[in-house]
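Read through the structure below, which is laid out as structure tokens, and then see the notes.
The values are calculated or read from the model by the stated rules, or taken from the named source; none is laboratory data. Because the structure is a prediction, the values reported are computed rather than measured. No Cβ is skipped: glycine too gets one built from the backbone with ideal geometry, and neighbour counts run over all protein chains shown.
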Amino acid sequence: MPYAPWMETVSALRVKSLYKVYGNRADKAMEILRNSPDGDEKLAGLRVTTAVVDANFEVRRGEIFVVMGLSGSGKSTLIRMLNGLLSPTHGTVEIDGVDITKLKPAALRKLRREKISMVFQHFALQPHRSVLDNAGYALEVAGLPRAERREKALQALRMVGLDGSADKLPQELSGGMRQRVGLARALAAGTDIMLMDEAFSALDPLIRREVQDQLIELQAELGKTIVFITHDLNEAMRLGDRIAVMRAGRIVQIGTAEEILTDPSNDYVAQFVADVDRTRILTASAVMERPLGVVDVDSGPRVAARVLRETQTSAVYVTGRDKRYLGTVTADAAAQAVRDGRKNLQEIVSTDHVRTVEDTTPVADIFAAAAQSPAPVAVVDPAGRLAGVIPRVTLLSALGSLSADTGETTATPEPADEAGTAPTADPTRAVGAAGTAPTENGNATAEVPAQVVAEPSVRLTGGSA
Amino acid sequence: MNSADLLPYVRFGDAFQAGVDWSREHLSTLFEGIAATVESLVEPLVDLLTAPPAIVMVLIFAGLGWWLRGWKFGLGTALGLGLVAGMPIWDQTMSTLALVLVASGIALLLAVPLGIVISESRRASAVVRPVLDLMQTMPAFVYLIPAIFFFGVGVVPGTLATVVFSMPPGVRLTELGLRQVDREVVEAGEAFGASPWKILLRTKLPLALPTIMTGVNQVIMLALSMVVIAGMVGAGGLGEVITTALFRAQVGAGFEGGIAVVILAVVLDRLTDSIGARTASAKAQRAMQQA
């Protein structure tokens, strides 16, 4: 994550026990809610709508904080309280330590101009003014001279790749382009915080993907603090550094995409994430295992040969100084090196035999590497150290969503006699083997740990992906 | 038993009469001021419109029509107004035009701000709407009676009765236009820290302008119809031509006056309509429909 440790202490945005209740008896409803946190039934007699109930969270500088929920879960109300478009029934919203719920209208407007901008679901561009004028709207409001405004607006349009359309009217652009104008308008404002209210929901799936990519790119460059509202779980998982799941006005869980996938706080969240394409969310680090056969590059080929025998694998993983991953040595190469009387593995270590992926690679992108590697794929961390390995069966297990906790599925046993033999080409057997994994899990791992990462007999088939 | 015995006779008329009497007694300075203002607006305008020869005025209008709507409409304007100019009622037509312009100008000066106010406040809207209903459905002649009472006969009561009669659509369509502005666009203005005043001037009014222009068009059309009725209180112009023809049962003269009104109405309607179509937001709407 791009933020420095000292910044974590001062959140960009802090929300404390925030409530929004609509209706004439809002005060009474607040009292009930405050006294019994789950007292929704008691509100039945009152004609009130509880849009947001007891929201508490902090948004760190430079992170994308996604608020996800179905329509009617109160997320749009929540985001509108973050910049004071709606005033809360109870609670505080702090931006850089200033409680905006206490600000007078003029001070609130000043704060919006300087600190917090917004991107809207249906773009909310001014149809009677040019793309350039729209992009420079915040600057016009702030009273910047025309020339300076123009220049900054053009710069923002360039960032989103629309400087060529500056003189067009918004209606002459496609939906995706219009939302990029909306994004440029927020960027040109130059605020540290950006609120994005279902910003990509009105776009076609393909265009949405494109704009999401663009946002990720821009974010890597600019490091804004973004609060992103969406009802699309995949979008949330794709964009969010952290995700808050909302249901019926309450935030039911806050965590990273992986935390929410692997450890849902309740049945609702679990059900919600059931349909997610896990292979896109889970990264290599979530499914990788401890490599069994690791040897130092300075140890001799005999050590490597012995480890290979003990672990009954076809290759050992070789690390150098600072545990940096160098490559693998196969059994054949080790035997040859012993015969040649080599002192270390320096010359025979190779990265051709086994593919390497980074620990942040989505599982979906590991399949090709796994298919090309006879031994489990090596996973390296950003420093280049060997973080773990991923056998093919592990990938299949993750794919099959056999268990919410992927940790349990990592050790899928294979019959020992198949190790080293020609891979079976029967896909039904492969899926069957993975499918029975959890039940066999306990005893199999305990008894035959070596076979776990043995030459897998499972061939990955395109159909099962 | 007679129903009149059961149900009370609420003396609206007496109350209204009393109100008018009181106003005339205590607010005479105000009415004199209004009368002076209206006269100072109408009379120079009548002089201006009747000063050049009829043919010059016809050509000016034709040119305006050409510029705003194209050569076909310019030609049509020339033919229509040429027809009127050929009749011996050109001066009356021009004075009717002056009355319409002044009356609808005053009506819009009142209607647009009122429309803005009631678009912002539901409560104000709830108060104003029934009043607008009353103004619109009250038979037009009824306005003339208190108007004469306050201002005597002449141009002033005719103009003011016209203002009252023609104002409602201006208020209503201003309110409608402003309420129709995309909520999210207004919200965007707020989110970027624009003041309510700035949002009104730079966002809401420009976006509501095509609808407001429809209101302007309606106000002018209503003013034109009322100005003829105002002829009965000596407002002059085509109204006088028509009422005189009515009292003297001159079918031909009445028809000529009527035709002049129709031609004037068509020209004014198309001209104001095309001004509305030339606003930036109307262009934006067309661009949206094409896309």
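Couple of notes before you dig in:
- Verdict on B:Ala78 being under 23 Å from B:Gly276 (Cα atoms), free of Cβ contacts under 8 Å to residues at least 60 places away in the same chain and in contact with a Ser or Thr (Cβ under 7 Å, 6 or more places away or on another chain): no
- Scan of the range A:126-146 for residues that are of a type in the set (Gly, Ala, Ser) and either crowded, with 23+ Cβ neighbours inside 10 Å or facing chain B (nearest Cβ under 8 Å) (or both), ordered by number: A:Ala135, A:Gly136, A:Ala138, A:Ala142
- For the range A:203-223, a residue qualifies if it is closer than 15 Å to A:Gly182 by Cβ and either assigned to a helix (DSSP H, G or I) or small (Gly, Ala, Ser) (or both), and the qualifying residues are A:Ile207, A:Arg208, A:Glu210, A:Val211, A:Gln212, A:Gln214, A:Leu215, A:Leu218.
- Residues being away from chain A (no Cβ under 14 Å), more than 14 Å from the chain's Cα centre (by Cα), surrounded by fewer than 19 Cβ atoms within 10 Å (Cβ to Cβ) and in a helix (DSSP H, G or I) are represented in the range B:275-285 by at least one member.
- Test: residue in the range A:66-76 that is at the interface with chain B (Cβ under 9 Å from one of its Cβ atoms) and either at pLDDT below 95 or in contact with a Gly (Cβ under 7 Å, 6 or more places away or on another chain) (or both): no
- Residue within the range B:212-234 that is within 14 Å of another protein chain (Cβ to nearest Cβ) and touching a residue at least 24 places away in the same chain (Cβ under 8 Å) present: yes
- Look at (1) polar (S, T, N, Q); (2) within 14 Å of chain A (Cβ to nearest Cβ); (3) farther than 29 Å from B:Val128 by Cα and you find that B:Gln180 fails only one, number (3).
Quick grid of which residues meet (1) in contact with a Cys (Cβ under 8 Å, 6 or more places away or on another chain); (2) closer than 26 Å to B:Val102 by Cβ; (3) surrounded by fewer than 23 Cβ atoms within 10 Å (Cβ to Cβ); (4) β-branched (Val, Ile, Thr):
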site: B:Pro139; (1), (2), (3), (4): no, yes, yes, no
site: B:Gly158; (1), (2), (3), (4): no, yes, no, no
site: B:Pro168; (1), (2), (3), (4): no, yes, no, no
site: B:Ala191; (1), (2), (3), (4): no, no, no, no
site: B:Ala194; (1), (2), (3), (4): no, no, no, no
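- Options B:Ala103, B:Ala36, B:Ala18; residue that is within 29 Å of B:Val171 (Cβ to Cβ) and either touching a residue at least 24 places away in the same chain (Cβ under 8 Å) or in contact with a helix residue (DSSP H, G or I) (Cβ under 8 Å, 6 or more places away or on another chain) (or both): B:Ala103
- Test result for A:Arg208, in contact (Cβ under 8 Å) with a residue 60 or more places away in the chain, crowded, with 17+ Cβ neighbours inside 10 Å and not small (Gly, Ala, Ser): no
- Residue-level check: of (1) facing chain B (nearest Cβ under 10 Å); (2) at pLDDT 90 or above; (3) surrounded by fewer than 17 Cβ atoms within 10 Å (Cβ to Cβ), A:Gln155 misses just (1).
- Test: residue in the range B:235-247 that is in a helix (DSSP H, G or I), closer than 30 Å to B:Ile148 by Cα, under 20 Å from the mean Cα position of the chain (by Cα) and of a type in the set (Asp, Glu): yes
- Restricted to helices (runs of 4 or more DSSP H) entirely inside the range B:112-217, those with at least 1 residues that are over 30 Å from B:Glu43 (Cα atoms) and among the charged types (D, E, K, R) are B:122-137, B:155-180, B:183-191, B:196-199.
- Looking only at residues of the range A:97-125 that are of a type outside the set (Asp, Glu) and without any contact (Cβ under 8 Å) to a residue 12 or more places away in the chain, we find that the one that is nearest to the other protein chains (Cβ to nearest Cβ) is A:Arg109.
- Whichever residue in the range A:341-386 is of a type in the set (S, T, N, Q) and within 17 Å of A:Val318 (Cα to Cα) and, among such residues, is surrounded by the most Cβ atoms within 10 Å (Cβ to Cβ): A:Ser373
- Scanning the range B:42-60 for residues that are in contact (Cβ under 8 Å) with a residue 60 or more places away in the chain and either more than 24 Å from the chain's Cα centre (by Cα) or surrounded by fewer than 19 Cβ atoms within 10 Å (Cβ to Cβ) (or both) returns a single hit, B:Glu43.
- Which numbered condition B:Leu207 misses (of (1) within 14 Å of chain A (Cβ to nearest Cβ); (2) surrounded by fewer than 24 Cβ atoms within 10 Å (Cβ to Cβ)): (2)
- Segments classed as helices (runs of 4 or more DSSP H), wholly inside the range B:1-50, with at least 3 members that are modelled with pLDDT of 85 or more and small (Gly, Ala, Ser): B:12-26, B:28-50
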